[in-house]
Amino acid sequence: MLFFLDQYGCAKNQVDGELLIGILCEKGWTRTDEPERADLIIINSCGFIESAKKESLDAVMTARAAYPQAKVLLAGCLSERYADDLAESLPEADALFGNGDLSRFPELLDKLFPTGSTDPTGTTVLRPQICGVPEGARPELLSFPGSAYVKITEGCDNCCTFCAIPLIRGPLRSRPIERIVSEIAGLVSRGVWEINLIGQDLGSYGKDFDETAADSEHPAGGEHPGAGDQHPAGSEHPTDGTLSPLAELLSAIGRLPGDFRIRLLYIHPDNFPRDILPVMAANTRFFPYFDIPFQAGEETILRSMNRRGNPDAYLRLVADIRNAFTESPYGMAVLRTTFLVGFPRETDETFEKTARFLASLRSVWSGAFIWSREEGTAAADYPRAPAKKTAQKRLDTLLEIQRRMTPEELAFFVGKRVEVLVEELIPLSDEEVAESEKNGIPPSRLALARAWFQAPEVDGSVVLQFDEGSRDSRGNPVVPGSVVEALIMQVNGIDVEAVLP
Ligand code: SF4
């Protein structure tokens, strides 16, 4: 039996898609890239915001219309969030599977493809109780060769007022350290070089392990460095000399043998455990790349987002992060962040502060989104949301600020040698092949690659030029998944151009 996976949404949903592939392969199914040949088409959906929901629904309609031979299954966050409604309103889907517990997927497959009996009538629905963090075999990784995501938590307890994720993914659950470490060891033994740690908020990792450990009491009036320096609740880490759970995890990963690198994605600024900085600075396996979604740069808006920090404290956090890596071989720490504009009660004055905050952050990368009213979130009932036109103008302003900052920050790398992970080789044109044959000189090749300061899918690339026949750091021909040491020659917008020295 053949299945086709149509993947949507974030890296966390990609890992779920890879786990579904693992379950199907274990049951003897084979993945195909040709939906017209598939017996089962899985739309692994995103249900975060309006535009994402529409995209996933359109995919179901398209699959239903174009591939009558196949059963169409809607999985992922949209299904988790709206299974009951969609069972009535989306007859185009033969089945709906929630993502609360992926280990129950075989049950749905058995219902959808019953052996020896007739096909089920109506929509088959299975929306398991949310439990644990999905784990399992991932025989096929959907990232470019040499790179993989590892989910360390699922769900979230932060309850930002604009966010529907806790409604979909449930409360925070953290995977035990030893399970994460053994998964990473397995990936490294498969030749994966770049491991991206993901969760809704890595800063909350382990808070659910032992409430007593995470919520250590602080002596009355004692100073406690943390985002906002006013010691907002929630940014605790042990004061008894033990490490925060995230620092504990990174230390354990750092002790693993093998040639690999680690990137951390998504740390909530109010939960940033500063004790990870010395752990990371002491081990070059950890990229000093920090993805910290600040969302706003003005206190009243942060409060109405249920965020406890403030812009000054956030700037101090960023300064502490940067200071931790000035002596490191990487030479600097790179910041990525995200902003939400058009949030209720946002005014020209509050937005102006957010724009100034972004400019003072000197982030290398940032994204921005226009708030959408998500049912079930606290902000859904908030009054005074700015007009969409105003929100769009503010979005453009933030993107323009970042568009100017990125090349200025990337200039730091010109003239430096950095390890890059090759993602794609750009095919030679017929003219280039003919030219090299005529001259008897191996052609010059181009590849798209990424350096430590570029996360997968969201940041710029390294455009790498090298001679045919060049070798990578393992002595093999340069192919997707190869790691090579490149010399950065110049910045070109959000990309950098490099050669093999
Ligand atoms: S930290 Fe906030 S924005 Fe991120 S998943 Fe949790 S509730 Fe949503």
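The values are calculated or read from the model by the stated rules, or taken from the named source; none is laboratory data. On a predicted model such as this, the values are computed, not experimentally measured, just so you know. Here Cβ is always computed from backbone atoms with ideal geometry, including for glycine, and neighbour counts include all displayed protein chains. Only protein heavy atoms, including side chains, enter the accessible area calculation; ligands, DNA and RNA are left aside. Shrake-Rupley method; radii C 1.70, N 1.55, O 1.52, S 1.80 Å.
Some observations on this one:
- Surrounding net charge for Pro442, when Lys and Arg each add one and Asp and Glu each subtract one, Cβ distance under 12 Å: -4
- Relative contact order of region 2-126, pairs being alpha-carbon contacts under 8 Å that are 6 or more residues apart, as %: 22 percent
- Solvent exposure of the chain, expressed per residue, is 42 Å² of accessible area, with all protein chains present and a 1.4 angstrom probe.
- Accessible surface of region 414-499, 1.4 Å probe, proportion on carbon and sulfur as whole %: 51 percent
- Pair-distance distribution P(r) for region 2-126, from all Cα-Cα distances in 10 Å bins starting at 0: 14, 50, 33, 2, 0 percent.
- Region 274-333: Rg to Rh, with Rh as the Kirkwood radius over Cα pairs: 1.07
- Antiparallel DSSP beta bridges within the chain, percent to nearest 5: 35 percent
- GluC sites (Glu not before Pro) within region 390-483: DSSP coil, no more than 14 neighbouring Cβ in 10 Å: Glu457, Glu468
- With DNA, RNA and ligands ignored, accessible area of Asp459 (1.4 Å probe; Å², nearest 10): 20 Å²
- The chain, relative contact order [Cα under 8 Å, separation at least 6], %: 10 percent
- Of the three principal axes defined by the Cα atoms of region 65-179, the extents in descending order read 45, 36, 26 Å.
- Based on C-alpha pairs under 8 angstrom that are at least 6 apart in sequence, region 414-499 has a relative contact order of 37 percent.
- Loop-located trypsin sites (Lys or Arg not before Pro) in region 375-434 (DSSP state not H, G, I, E or B) with no more than 12 neighbouring Cβ atoms inside 10 Å: Arg384.
- Applying a 4.7 Å Cβ-Cβ cutoff to the chain leaves Cys10, Cys25, Cys46, Cys77, Cys131, Cys156, Cys159 as cysteine residues with no disulfide-compatible partner.
- Radius, Kirkwood style, for the chain when every pair of distinct Cα atoms is counted (Å): 24.5 Å
- For Ala380, net neighbour charge (Lys/Arg +1, Asp/Glu -1) across residues whose Cβ lies under 13 Å away: -3
- Applying D = kT/(6 pi eta Rh) to region 414-499, where Rh is the Kirkwood radius over alpha-carbon pairs, T corresponds to 20 °C and eta to 1.002 mPa s, the Stokes-Einstein value obtained is 161 µm²/s.
- Trypsin sites (Lys or Arg not before Pro) restricted to region 292-372 and DSSP loop, no more than 13 other C-beta within 10 Å: Arg362
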